[in-house]
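S.K.: Pasting in a structure now, in structure tokens, and then I'll have a few things to ask.
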Amino acid sequence: MSVEVVCVVGARPNFMKIAPIMAAFRAKPIAAKLVHTGQHYDPSMSDSFFAQLGIPRPDVNLEVGSASHAVQTADIMRAFEPVLDAEKPKAVLVVGDVNSTIACALVAAKKGIQVIHVEAGLRSYDRAMPEEINRVLTDQISDLLFTTERSALDNLKREGIAPERVHFAGNVMIDTLRGHLDRAVPAEVTLGGKPTRGYAVVTLHRPSNVDNADTLRGLLDTLGEVAGHLDVVFPIHPRTRAAAERFGLGGLLERPGMRLLPPQGYLQMLGLTREATLVLTDSGGLQEETTALGVPCITVRENTERPITMTDGTNTLTGPTPEKILACFADIQATGGKRGRVPEFWDGRAAERVADFLRPWLDALPARP
Ligand code: UD1
């Protein structure tokens, strides 16, 4: 059977989104090939996720690696085009909002190949975020857009995207979470012993938080204060570690109660998050995972493209301002934080809904010459 859909992954947050889609495609069946752009390449940022999530080995790895945004995006585009020439798929499926997402969507759109975007329509309305640019542009050139929350359709309509192209499928990343909860590695194992007090899980990697010395110093100082009350479990992104060293802030990572870890595997992170007193993060995905798990989340950003995590879930935005973070932390300590509820269609069956829609949709497309 010739390839119907080329699926693309590139960076860590893509892997948990593609895993249930590839599984649903196998079940349908939909003939798919998987391309890894190589945007993330360290074993801890890439290979471990394939192994833990049972994602098939990529059929092609473009091995682009790290570079400036322009060079990385251009390298992905140059390397991806020959793959489409060889495979002649009916459609290219991209997920999320990383540079690999826009790069591959753009190549496909220019070649007249249908573009499917899973996790479409999320908007922070903050163009200083590289991901926001990737989201807006990918959605503009997508033929079929699957959304995770209902607010996304309003965002897309405002940008002139025809509602007939938009389908509310739910959250594929939460499919992966639900499917792996029983295999999550207990925190005790990852931490090498039972924590004697509660702990906060921290992740930080956004350029706006870690690439500015004053902002990063403020955040690390605040973590030091939190560590006076709870252990601070901090799996540190390579970008953040490099920034702390560059700015001479390494000492702030060593304060009592701070437990630095290398980037964690999916099952380790899931176990850590599930058992945490709270999560403090600037990640997009963790805002959703904490809402699905009912764990309070402090998001150290001024905005979120995932508003349902605030309105329905456990998320609170504080920005990187120490006083606001500490006030929110005190509130969680006093009250246990927001309880929240699990949003609509975050039920473990989103990828199935995507595949159910795609099967007849693909059948109706003409074969490519
Ligand atoms: C990317 C995504 C971001 C996502 C994040 C998750 C874009 C624009 N950003 O950001 O949306 O939340 O992934 O991690 O696509 N590095 C390594 N090893 C790796 C990969 C990166 O050491 O395997 C280092 C390199 O020094 C690199 C830096 O991390 O320059 C940043 O990597 P990059 O892929 O450019 O962006 P992220 O910050 O990871």
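S.K.: Residue 50 is checked against (1) surrounded by fewer than 24 Cβ atoms within 10 Å (Cβ to Cβ); (2) over 18 Å from residue 172 (Cα atoms); (3) hydrophobic (A, V, I, L, M, F, W, C) and fails just one. What number does that condition carry?
M.R.: (2)
S.K.: Can you find, within segment 133-147, the residue that is nearest to the ligand (Cβ to nearest atom) among those that are touching a Leu at 6+ places or on another chain (Cβ under 9 Å) and not hydrophobic (A, V, I, L, M, F, W, C)?
M.R.: 135
S.K.: Here's a follow-up. Which numbered condition trips up residue 1, out of (1) part of a helix (DSSP H, G or I); (2) away from the ligand (no atom under 13 Å from the Cβ)?
M.R.: So the condition that residue 1 fails would be (1).
S.K.: Please work out which residue is farthest from residue 292 (Cα to Cα), limiting yourself to segment 124-153 and to residues that are surrounded by fewer than 19 Cβ atoms within 10 Å (Cβ to Cβ) and small (Gly, Ala, Ser). Walk me through it before giving the result.
M.R.: Pass one, segment 124-153, residues surrounded by fewer than 19 Cβ atoms within 10 Å (Cβ to Cβ): 125-128, 130, 132-133, 136-137, 140-141, 143, 150-151, 153.
Add one more test, that the residue is small (Gly, Ala, Ser), and what stays is 128, 151.
Working: 128: 28, 151: 18 Å.
Only one residue fits best here, namely 128.
S.K.: Taking segment 254-288 only, how many residues are within 13 Å of the ligand (Cβ to nearest atom) and outside any helix (DSSP H, G or I)?
M.R.: The qualifying residues number 7.
S.K.: Another question about this same structure. If you check every pair at least six apart or on different chains, which have Cβ atoms under 6 Å apart with a residue in segment 255-284 that is charged (D, E, K, R) first and a residue that is assigned to a strand (DSSP E or B) second?
M.R.: Final answer for the pair search is 259/231; 259/233.
S.K.: Being touching a helix residue (DSSP H, G or I) at 6+ places or on another chain (Cβ under 9 Å), crowded, with 24+ Cβ neighbours inside 10 Å and farther than 25 Å from residue 98 by Cβ: is that true of residue 322 here? Talk me through it step by step, then tell me what you get.
M.R.: Numbers: touching a helix residue (DSSP H, G or I) at 6+ places or on another chain (Cβ under 9 Å): yes; crowded, with 24+ Cβ neighbours inside 10 Å: no; farther than 25 Å from residue 98 by Cβ: yes.
Considered against the rule, which asks whether it is touching a helix residue (DSSP H, G or I) at 6+ places or on another chain (Cβ under 9 Å), crowded, with 24+ Cβ neighbours inside 10 Å and farther than 25 Å from residue 98 by Cβ, residue 322 comes out as no.
S.K.: Those residues that are in a strand (DSSP E or B) and touching a Phe, Trp or Tyr at 6+ places or on another chain (Cβ under 9 Å), I need them from segment 197-234; list them, please.
M.R.: 200, 201, 202, 203, 231, 232, 233
S.K.: A follow-up question, please. Specify which of the listed residues (98, 64) is within 12 Å of the ligand (Cβ to nearest atom) and within 27 Å of residue 306 (Cβ to Cβ). Let's see the steps before the verdict.
M.R.: On the way: 64 fails: within 27 Å of residue 306 (Cβ to Cβ).
From the options 98, 64, the qualifying one is 98.
S.K.: Within segment 231-248, take every residue that is within 24 Å of residue 327 (Cα to Cα) and open to solvent by 10 Å² or more (accessible area, probe 1.4 Å) and give me the one that is nearest to the ligand (Cβ to nearest atom).
M.R.: 235
S.K.: Hey, among 56, 89, which residue is assigned to a loop (DSSP other than H, G, I, E, B), more than 11 Å from the ligand (Cβ to nearest atom), over 18 Å from the mean Cα position of the chain (by Cα) and in contact (Cβ under 8 Å) with a residue 40 or more places away in the chain?
M.R.: Values: 56 fails: in contact (Cβ under 8 Å) with a residue 40 or more places away in the chain.
Step by step, each of 56, 89 is checked, and only 89 is assigned to a loop (DSSP other than H, G, I, E, B), more than 11 Å from the ligand (Cβ to nearest atom), over 18 Å from the mean Cα position of the chain (by Cα) and in contact (Cβ under 8 Å) with a residue 40 or more places away in the chain.
S.K.: In segment 337-354, which residues are part of a helix (DSSP H, G or I) and crowded, with 22+ Cβ neighbours inside 10 Å?
M.R.: 350, 351, 354
S.K.: Please go through segment 154-182 and give me each residue that is exposed (fewer than 14 other Cβ atoms within 10 Å of the Cβ) and either assigned to a helix (DSSP H, G or I) or touching a residue at least 40 places away in the same chain (Cβ under 8 Å) (or both), ordered by number. Steps first, answer last, please.
M.R.: Just the residues of segment 154-182 that are exposed (fewer than 14 other Cβ atoms within 10 Å of the Cβ), to begin with: 154, 157-160, 162-164, 182.
Across segment 154-182, the qualifying residues are 154, 157, 158, 163, 164, 182.
The values are calculated or read from the model by the stated rules, or taken from the named source; none is laboratory data. In this text the structure is predicted, and so the values were computed from the model without any measurement. Note that we place each Cβ from the backbone using ideal geometry, even for glycine, and neighbour counts take in every protein chain shown. Each accessible area value is taken on the protein alone, full model and side chains, heavy atoms only, with ligands, DNA and RNA left out. Shrake-Rupley method; radii C 1.70, N 1.55, O 1.52, S 1.80 Å.
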